[in-house]
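First comes the structure, then the notes that go with it.
The values are calculated or read from the model by the stated rules, or taken from the named source; none is laboratory data. In this text the structure is predicted, and so the values were computed from the model without any measurement. Cβ: placed from backbone, ideal geometry, glycine included. Neighbour counts: every protein chain shown.
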Amino acid sequence: MISRFRHTHPGVALDLTEATTSQQLAALDEDRIDAGIVVLPLEPEVGLHIAQRRLLKSRMVAVLSADHPLAVAPGRSVPLAALAREPWILFPPTEGPGLYATIVNACVAAGFAPHVVQRATQMDTIIGLVAANLGVGLVPEALASTDMASVKFRRLTGPGTPVPYEVALVWRRKDPNPTVAALVDSCTGQEV
């Protein structure tokens, strides 16, 4: 999406900055950014002034240290309930409240509340902390293709699954900026 937009709009300067969903929504509210790419779902009140276009619909997978018993067991999947007694590495509820709630609700549907021992705002940090044997976590399925000897990724099965992972382009609903409109138009039909 971004490379295509840059190609079709070479005169537009895109300043890409990594930020959490909450940080991007605050920056939109304060007119510090024109658009963002965030993890869904958003809090209901956000929808009053923020428009969104879904770009990706996927699911979360478990990330386990390579020597974890569930990682060395036969098969490519684990029941979510099997992670009930594990220490968890999870997003802070303040930085990605929708994704946090999605994960916690999935765990509750599987019969447990996750015992969070460490919080991390970035997926690669969660993977690194799992690799250091600090706990287990959930990350988007697309990261399962990451070639890392220190962790294993497993599909989730059973109650509470699949755990959805969705990403969207967001912008101010009444923004008259034609560049924002062009960016939104460039995303039409681009959901993965």
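The set of residues in region 121-139 that are surrounded by 16 or more Cβ atoms within 10 Å (Cβ to Cβ) and at pLDDT below 95 comprises 121, 123.
Kindly check whether there is at least one residue in region 107-120 that is small (Gly, Ala, Ser), in contact with an Asp or Glu (Cβ under 7 Å, 6 or more places away or on another chain), surrounded by 20 or more Cβ atoms within 10 Å (Cβ to Cβ) and not assigned by TED's automatic domain parsing to the domain that holds residue 44. Even if it seems obvious, please write down each step before you answer.
Of all residues in region 107-120, those small (Gly, Ala, Ser) come to 109-111, 113, 120.
With the extra rule that they be in contact with an Asp or Glu (Cβ under 7 Å, 6 or more places away or on another chain), the set shrinks to none.
So far as region 107-120 goes, no, none of its residues is small (Gly, Ala, Ser), in contact with an Asp or Glu (Cβ under 7 Å, 6 or more places away or on another chain), surrounded by 20 or more Cβ atoms within 10 Å (Cβ to Cβ) and not assigned by TED's automatic domain parsing to the domain that holds residue 44.
Just one of the listed residues (166, 95) is under 18 Å from the mean Cα position of the chain (by Cα) and surrounded by fewer than 20 Cβ atoms within 10 Å (Cβ to Cβ), and it is 95.
Residues of region 3-21 that are in contact with a helix residue (DSSP H, G or I) (Cβ under 8 Å, 6 or more places away or on another chain) and either closer than 19 Å to residue 164 by Cβ or of a type in the set (D, E, K, R) (or both): 4, 21.
Given 53, 85, which one is assigned to a strand (DSSP E or B) and either within 21 Å of residue 164 (Cβ to Cβ) or not assigned by TED's automatic domain parsing to the domain that holds residue 181 (or both)? Can you show your working first?
Values: 85 fails: assigned to a strand (DSSP E or B).
Only one candidate qualifies: 53.
Residues in region 176-185 that are in contact (Cβ under 8 Å) with a residue 40 or more places away in the chain and surrounded by fewer than 18 Cβ atoms within 10 Å (Cβ to Cβ) were compared, and the one that is farthest from the chain's Cα centre (by Cα) is 177. For region 27-55, the candidate set comprises residues that are surrounded by 16 or more Cβ atoms within 10 Å (Cβ to Cβ) and over 22 Å from residue 15 (Cβ atoms); within that set, the residue that is modelled with the lowest pLDDT is 46.
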